[in-house]
């Protein structure tokens, strides 16, 4: 029986993998060929999708990108034996895009059947949990501390220290909350992982529960990710049936249960306190800190709030040891970052690398430059609240501190490429527009500042009294940075100021005489 | 996409009762109500308030905070177009502008025949396949004007 693997990741479905899978199954049936179709997550080489992988004695042979009309010819060419065909890629592991990566968190994504506990176990799953079950809580926390793991949501706060705080808090009920509200444009790693390897997140959350004494966890998934939500629901059900979740994890007598919850379209619910308010069934207003959620979080109880990738990396750390993780990286950025390369790029996808690789290596070597073939003009790193960098700054390394020093931010690792058709003054205007649309409304600098920001940018774009309006713009940005309650208002000036600093020509809108020759 | 049901207070109470025991039940309840009725009907606010021991104003506040919750039904089909940065880098804005202009509607509006609503969404997580969209809950990547006009024609039964 031949096994054929086809991704059902949402991005794969978006480019037609569902139809390809159905046509392959139909064609095999028509020809009387025995075929087992395995639906997986994506390997994250999206420019090659939709693709199929056929299991042969030489390994998994990939064919793509495929059109529906390719399917009959593939079978004529002996696809189930890895036969020659113009769309034959070969083993994906041999693609430099993949072979040059350090896949720790994403080791299984795209390889395994996401909802098979057996497949998960056969690929190193639950080794970390089994070890954690033999350790006392402080030992688990210390391992995470030593690994140097920092919050992968974007704030980069040392995960071990957060867990330590919750461990030492006294309460009869503590919670683990996974922030799966991955709202930043240019990011999709959380989505891919929930769809492609949900057990890694579940295992990480169970370990977190053991470490801090929490018996209940929630995964808060943005509603724009329906496939990820369904995958997590099913993953939780399967894990519960198999005894990994429930009143006695692996028969240990220690309880941990998990619920998946859907957001409702609010970007601000990616901010941890807004997320907690939303989980509590309220408007997603941001809370002032202190108190920190670690001490006073969900329903007022000590709560670990961590990003999907932070939690899903914990099993690897527990299985391989803190030192193995900390040995990769640079400076105070230890371990690997699953970079997401997106936008106007030839080869977009998931690139997990040790910290220290440069933006240029990612955009040019992995990415192959723009999709349009036009010059790279700007690269936005870290999502909508991140800086726009010009091509001349691409030698910056992937490192929390290095990007902050360049007045940018690494954030959740999203990188969006723009060609020279982009007008950075319009991107600056969009930054304010987005902030205004998504502001929770609680603090004046954000609620009002964002709207004023759009108005100022409209005047600048129309060439109205530039000197005066640039002064207002700078003043407004300073105010929002210094006085906003959270990072939405507080960091909206980052893309704006970076656009102004690095692309001043785009802001020169004073009306001038048209060229006579035209 | 299954057709939304007409308001039925008994059915609404059934749905609400099945979820009230959840911690922080409001969002799961509102999602379920919208799933059933296609929007959050006015009558639902009282039912939810009563079940959760909240004021009607508080429930109104929750419903109006989140972009997902509709106070009135959408068209028969919903096409969400991504307006965020990665999709902008691949001319998502230009494509969307043309679609809206051709249909003669604005963001969030429904065509006069009631067949299609076009909504803005800020990121679908399909950023390496930009520009992207979601049609009746199904993801669509590498969107072109042609792909959209085919979907629109399908929605309008043409």
Please rank B:147, A:460, fewest neighbouring Cβ atoms within 10 Å first, as an exposure proxy.
B:147, A:460
Quick one: length gained pulling residue A:401 to residue A:33 fully straight, 0.36 nm per residue minus the C-alpha distance?
126.9 nm
Using Cβ counts within 10 Å as a stand-in for footprinting exposure, how do A:412, A:296 rank, fewest first?
A:296, A:412
Only helical DSSP H runs with n ≥ 4 go in: add -39500 (n - 2.57) per run for chain A, normalise by residue count and round the 222 nm mean residue ellipticity to 500 deg cm²/dmol.
-11500 deg cm²/dmol
Mean Cα-pair separation over length for region A:1-61, i.e. relative contact order, pairs under 8 Å, 6 or more apart, %:
52 percent
Distance in nm between label sites at residue A:161 and residue B:156, each 7 Å beyond Cα in the beta-carbon direction?
5.8 nm
Inter-centroid distance (Cα atoms) of region A:341-368 relative to region A:221-292, Å:
30 Å
Roughly what % of DSSP beta bridges within the protein assembly as shown run antiparallel, to the nearest 5?
55 percent
Multiply the residue gap between residue A:248 and residue A:172 by 0.36 nm, knock off their C-alpha separation, and tell me the result in nm, one decimal place.
25.6 nm
How high is the relative contact order of region A:1-160, in percent, with contacts defined as C-alpha pairs under 8 Å that are six or more residues apart?
19 percent
Return the equivalent ellipsoid semi-axes of region A:1-135 as a descending list in whole Å, where each equals the square root of 5 times an eigenvalue of the C-alpha gyration tensor.
28, 16, 14
Residue A:94-residue A:2 FRET efficiency (beta carbon distance; Förster radius 25 Å; 0.05 resolution)
0.75
Take the eigenvalues of the Cα gyration tensor for chain A, scale each by 5, and report the square roots as semi-axes in whole Å, largest first.
38, 33, 19
Stokes-Einstein at 4 °C, 1.567 mPa s, Kirkwood radius from Cα pairs: D for region A:436-480 in µm² s⁻¹?
120 µm²/s
To check my understanding: the extent here is largest minus smallest coordinate of the Cα atoms along each principal axis. What are those three numbers for region A:378-466, in Å, largest first?
35, 32, 19
Dividing the alpha-carbon Rg of region A:205-300 by 2.2 N^0.38 Å yields what?
1.17
Evaluate the relative contact order of chain B (contact order divided by residue number), counting alpha-carbon pairs under 8 angstrom at least 6 apart; express in whole percent.
19 percent
Cα extents of region A:253-373 along the three principal axes, largest first, in whole Å?
50, 38, 29
Inter-site label distance for residue A:257 and residue A:509 at 7 Å from Cα along Cβ, in nm:
5.5 nm
Inter-part distance where region A:137-179 and region A:479-507 are each reduced to a Cα centre, Å:
31 Å
Order of A:247, B:20 under a 10 Å beta carbon neighbour criterion, fewest first
A:247, B:20
Globularity ratio of region A:140-273, using Cα Rg and 2.2 N^0.38 Å:
1.04
With both partners inside region A:1-99, how many of the DSSP beta bridges are antiparallel, as a percent to the nearest 5?
60 percent
Just grab the label-to-label distance for residue A:76 and residue B:107, each label 7 Å out from Cα along the Cβ direction, in nm (one decimal).
4.8 nm
Need the C-alpha centroid separation for region B:127-149 versus region B:90-108, integer Å.
13 Å
In region A:303-371, how does Rg compare with the Kirkwood Rh, expressed as the Rg/Rh ratio over alpha carbon atoms?
1.06
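Taken together, the values in this text are just the output of simple stated rules run on the coordinates, not laboratory data. Note that the structure is predicted; figures quoted are calculated from it, not measured. Heads up, the Cβs are rebuilt from the backbone with ideal geometry, glycines too, and the neighbour counts pull from every protein chain shown.
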